[in-house]
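Shown next, in structure tokens, is the structure this report addresses.
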Amino acid sequence: MNAIYAARAPHAGRLFNSLSPYAARAPHAGRLLNSLSPYAARAPHAGRLFNSLSPDGGEGWGEGRSRNAARLRIAATALAALLSLVPAHAAAALNIVTTTEGLATLAKEAGGDKVQSQSLSRGIQDPHFVDANPALAVKLRAADLLVDVGLDLEIGWLPPLVNQSRNPEIQPNGPRRFTAASVIHVLDVPTGPVDRSLGDLHPAGNPHFMDDPRAAVAVVAGLARKLSQLDPANAATYAQHSADFQRRIEADLARWKSVFAPLRGRPIVAQHQTMSYFFDWTGLRAAGYLEPKPGVPPPPSHLANLVQIVKAQGVKAILVENYYDTRSAEVVSRHSGAKVVLIPGDVGGMPGASTYESYLDTLVRLVAGAER
Ligand SMILES: [Zn+2]
């Protein structure tokens with residue numbers, strides 16, 4: 001029976017390993033041992049376990065008996081309680097933690113009801129700078145899979161959280177880590193030397209590919225493959241979800257592209273290098289960026305140049321993700337006549353943009369609307 005559960009349950013191997021004499025060396029042993037410790041109240045299933053050990057909440061258990069006998073009894077009951085949790089665990093959805101809301105949506109597209117997904121940041125936040133709150137490390141500790149964007153987007157905040165999580169399998173290149181950038185065609189890869197000390201945020205290429213539906217399709221396909229490795233019993237389901245998503249997005253893409261067909265080659269200014277992928281599939285063109293380099297705030301001379309470019313090329317819109325300060329954009333707008341257009345930075349970045357498709361619909365409507 002144990003062997004059957006071990007084979008079918010995603011968490012079973014982990015649990016049985018940690019009950020073995022080699023527990024200390026098993027990857028998730030720490031998680032289990034902690035849940036048996038006095039600090040168990042912070043572990044996900046601890047409350048359930050301890051309640052089942054003690055009819056009166058734990059205090060006074062073993063009173064009137066020898067301490068050792070009580071300990072043995074607790075250990076035996078704990079073991080039984082843990083084993084009884086295995087089938088429940090087996091039925092539970094894979095717990096996917098993502099760095100961004102957009103990735104959480106794509107993980108749900110790939111996994112459907114076989115997974116639950118939650119994001120460490122929100123779509124209204126600047127994904128370069130997320131507060132590395134210890135509560136996020138606790139989420140990572142319980143993650144069956146960590147999905148990140150990659151290309152150094154999260155370099156300022158994710159590595160310390162992953163270290164604090166003490167979940168070795170979600171480390172970079174670990175078996176429970178999926179980096180979305182690994183499956184997409186990366187744009188804006190620097191050709192010359194890059195100096196981070198100059199503030200350049202993206203030395204490995206542009207990580208802002210969520211506004212490219214083709215990249216989203218590739219990410220969902222990659223996630224489906226990863227989920228199939230972690231949960232082979234449902235591989236066909238994940239493949240089906242990926243195929244369904246691709247079919248839906250290809251239909252959307254035809255519709256979205258038709259909106260931009262009459263606008264091909266139109267110049268646009270953006271705040272940050274977030275629109276390269278969007279421009280690539282819509283046929284729009286970057287006339288310039290408010291930031292002289294990704295992550296570098298614009299000096300007045302740069303804004304003055306931009307005003308000249310906007311006037312000379314007839315740029316109509318300055319696109320700014322709504323998590324950025326708009327003062328630089330307003331300066332250029334005031335001196336050139338181009339209008340500032342606030343756009344969502346990701347899924348969840350604006351009301352009505354809670355799914356991947358509604359996020360893209362919103363972006364298409366705002367950008368195309370500004371060009372009319
Ligand atoms: Zn960036």
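All of the numbers you see were taken from the coordinates with simple rules; none came from a lab. Every value quoted in this text rests on a predicted model; they were computed, and no experiment measured them. Note that we place each Cβ from the backbone using ideal geometry, even for glycine, and neighbour counts take in every protein chain shown.
Among the helices (runs of 4 or more DSSP H) confined to the stretch 289-372, the ones with at least 2 residues that are among the hydroxyl-bearing types (Ser, Thr, Tyr) are located at 327-336, 356-371. Residues in the stretch 231-250 that are among the aliphatic types (A, V, I, L, M) and within 14 Å of residue 212 (Cα to Cα): 249 only. Would you check if residue 257 is surrounded by fewer than 17 Cβ atoms within 10 Å (Cβ to Cβ), over 30 Å from residue 223 (Cβ atoms) and not small (Gly, Ala, Ser)? No; evaluated as a whole, the condition is false for this residue.
Residue 174 meets the conditions (1) more than 17 Å from the chain's Cα centre (by Cα); (2) surrounded by fewer than 21 Cβ atoms within 10 Å (Cβ to Cβ); (3) of a type outside the set (S, T, N, Q) in every case but one. The failed one is (1). Filtered by the rule that a residue be surrounded by 19 or more Cβ atoms within 10 Å (Cβ to Cβ) and within 14 Å of the ligand (Cβ to nearest atom), the stretch 294-322 gives 294, 319, 320, 321. From the list 232, 168, 213, 172, the lone residue that is farther than 20 Å from residue 364 by Cα and in contact (Cβ under 8 Å) with a residue 40 or more places away in the chain is 168. Looking at the stretch 303-325, which of its residues are touching a helix residue (DSSP H, G or I) at 6+ places or on another chain (Cβ under 9 Å) and not basic (Lys, Arg)? Those that are touching a helix residue (DSSP H, G or I) at 6+ places or on another chain (Cβ under 9 Å) and not basic (Lys, Arg): 303, 304, 306, 307, 308, 309, 310, 315, 317, 318, 319, 320.
Residues in the stretch 126-156 that are among the hydrophobic types (A, V, I, L, M, F, W, C) and crowded, with 19+ Cβ neighbours inside 10 Å: 130, 136, 140, 143, 145, 146, 147, 149, 151, 153.
Determine, yes or no, whether residue 215 is out of contact with any Ser or Thr (no Cβ under 9 Å at 6 or more places or on another chain), within 16 Å of the ligand (Cβ to nearest atom) and outside any helix (DSSP H, G or I).
When the stated conditions are applied, residue 215 does not pass them.
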